[in-house]
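Visitor: Just passing along the structure, written as structure tokens.
The values are calculated or read from the model by the stated rules, or taken from the named source; none is laboratory data. These numbers were taken from a predicted model, which means no experiment stands behind them. As a convention, Cβ positions derive from the backbone with ideal geometry for all residues, glycine included, and neighbour counts pool all protein chains shown. Quick note on the areas: whole protein, heavy atoms, side chains included, nothing else; ligands and nucleic acids left out. Shrake-Rupley method; radii C 1.70, N 1.55, O 1.52, S 1.80 Å.
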Amino acid sequence: MAHPAQLGLQNATSPIMEELIAFHDHALMIIFLISSLVLYVISLMLTTKLTHTSTMNAQEIEMIWTILPAIILIMIALPSLRILYMTDEFNKPYLTLKAIGHQWYWSYEYSDYEDLAFDSYITPTYFLEPGEFRLLEVDNRTTLPMEADIRMLISSQDVLHSWAVPSLGVKADAIPGRLNQAMLASMRPGLFYGQCSEICGSNHSFMPIVLEFIYFQDFEVWASYLYIVSL
């Protein structure tokens with residue numbers, strides 16, 4: 001959950017998000033070193049008297065500023081490709097959840113359970129309980145088991161949406177007529193918030209996402225209860 005005056009990313013809940021934060025810090029340090037070097041060279045150019053203005057060839061420095069950027073790009077590309085392949089890897093998911101974007105709410109379908117589906121609307125401000133977050137709470141939270149690989153199938157019924165939960169490192173476009181796939185997992189129980197990250201209309205900011213991760217046994221009880229209620 002983000003908080004006021006936060007400068008960094010949200011705390012990681014999934015292994016993928018931990019990798020993304022580590023890569024962010026790695027790339028940021030490289031950018032900081034490059035910026036410091038450029039600032040140092042600029043300050044030298046402004047303060048140092050140039051004594052070799054007639055030099056036409058400088059093979060050594062040409063080789064350095066050709067090879068060095070290539071090494072830096074490799075240092076950034078290799079961990080980036082590793083994380084990219086990790087996000088596309090699916091190993092026998094425990095559960096498949098389908099999210100369908102509408103103007104302006106989400107529908108969820110648990111594909112492994114018969115007739116287990118519901119809509120998730122934003123909770124109006126005057127219905128909020130003490131401690132709940134304005135513009136982030138929903139009437140039906142999406143309940144999932146923790147420490148399990150969950151496959152998300154994401155689509156839309158009308159316009160472009162984007163299903164995003166920052167603390168889980170998940171963001172996938174919801175496109176009409178197309179299924180996008182993402183993998184998510186949480187290493188601890190709790191509530192995790194997200195929002196539609198695509199400008200989908202006038203109420204774009206009023207279709208939040210709330211995931212509630214609970215223990216396996218509690219999830220089975222919850223799923224059984226909803227199934228009985230729906231009969």
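Visitor: If we count every other residue with Cβ under 12 angstrom of N91's Cβ, Lys/Arg +1 and Asp/Glu -1, where does the sum land?
Guide: Taking every other residue near N91 into account, the sum is -1.
Visitor: For segment 200-209, in order, what is each residue's ³J(HN,Hα) by Karplus, 6.51 cos²θ - 1.76 cosθ + 1.60 with θ = phi - 60°, in whole Hz (x at glycine and Pro)?
Guide: Here the 3J(HN,Hα) series is 10, x, 5, 9, 3, 7, 10, 10, x, 10 Hz.
Visitor: For Y113, what charge total do you get from the other residues with a beta carbon under 12 Å from its beta carbon, if Lys and Arg give +1 and Asp and Glu give -1?
Guide: That works out to -4.
Visitor: Please give the per residue accessible area of the chain, computed with a probe of 1.4 Å over protein heavy atoms only, in Å².
Guide: Counting only protein heavy atoms, the per-residue value for the chain is 64 Å².
Visitor: Could you tell me what percent of the DSSP beta bridges with both partners in segment 95-230 are antiparallel, to the nearest 5?
Guide: Around 70 percent antiparallel, to the nearest 5.
Visitor: Further question on the same structure: Taking GluC sites (Glu not before Pro) that fall in a DSSP loop and have at most 16 other Cβ atoms within 10 Å as cut points, what is the longest piece of the chain between them?
Guide: 1-88
Visitor: Could you identify which residue out of W65, W163, W106 has the top mean-square fluctuation in a GNM of the chain using Cα springs shorter than 10 Å?
Guide: With Cα springs under 10 Å in the chain, the top fluctuation among W65, W163, W106 is at W65.
Visitor: Follow-up. Among the aspartates and glutamates, which fall within straight-line cross-link reach of K171, defined as a Cα-Cα distance under 12 Å, with same-chain neighbours fewer than 8 residues apart omitted?
Guide: Once the sequence-local aspartates and glutamates are set aside, what remains near K171 is E198.
Visitor: For a quick check of your reading of the filter: which trypsin sites (Lys or Arg not before Pro) in segment 83-168 sit in a DSSP loop and have no more than 12 other Cβ atoms within 10 Å?
Guide: R134
Visitor: Percent of Cα-Cα pairs per 5 Å bin, from 0 to the last occupied bin, for the chain, please list those.
Guide: So the P(r) values, bin by bin, are 1, 6, 10, 14, 15, 13, 10, 6, 5, 5, 4, 4, 3, 2, 1, 0, 0, 0.
Visitor: Keeping every protein chain in place, order Y215, Y108 by accessible area at 1.4 Å, biggest value first, i.e. largest first.
Guide: Y215, Y108
Visitor: Which length gain, in nm to one decimal place, applies between N140 and F206 when the Cα-Cα distance is subtracted from 0.36 nm times their residue separation?
Guide: 22.3 nm
Visitor: Where the accessible area of segment 95-230 is counted over protein heavy atoms with a 1.4 Å probe, how much of it, in %, is carbon and sulfur?
Guide: 52
Visitor: According to the square roots a ≥ b ≥ c of the eigenvalues of the Cα gyration tensor, what is the shape class of segment 95-230, taking rounded for a/c under 1.5, prolate for a/b larger than b/c otherwise, and oblate for the remainder? Walk me through the numbers on the way to the answer.
Guide: Working: a/c = 1.45, a/b = 1.18, b/c = 1.23.
Here segment 95-230 falls in the rounded category.
Visitor: Follow-up question, since we're still on this one. Give, as a single signed number, the net charge of other residues whose beta carbon lies under 14 Å from the beta carbon of P208, with Lys and Arg counted +1 and Asp and Glu -1.
Guide: -4
Visitor: List the residues whose amide H sits under 5 Å from the amide H of M183, counting only those 5 or more places along or on another chain, with H placed 1.01 Å from N in the peptide plane.
Guide: M152
Visitor: Hey, what number do you get for the chain at 222 nm if only DSSP H runs of n ≥ 4 count, each worth -39500 (n - 2.57), divided across all residues, to the nearest 500? Could the numbers behind the result be given before it?
Guide: Values: 3 runs with 77 residues, N = 231.
Using -39500 (n - 2.57) per qualifying helix, the result is -12000 deg cm²/dmol.
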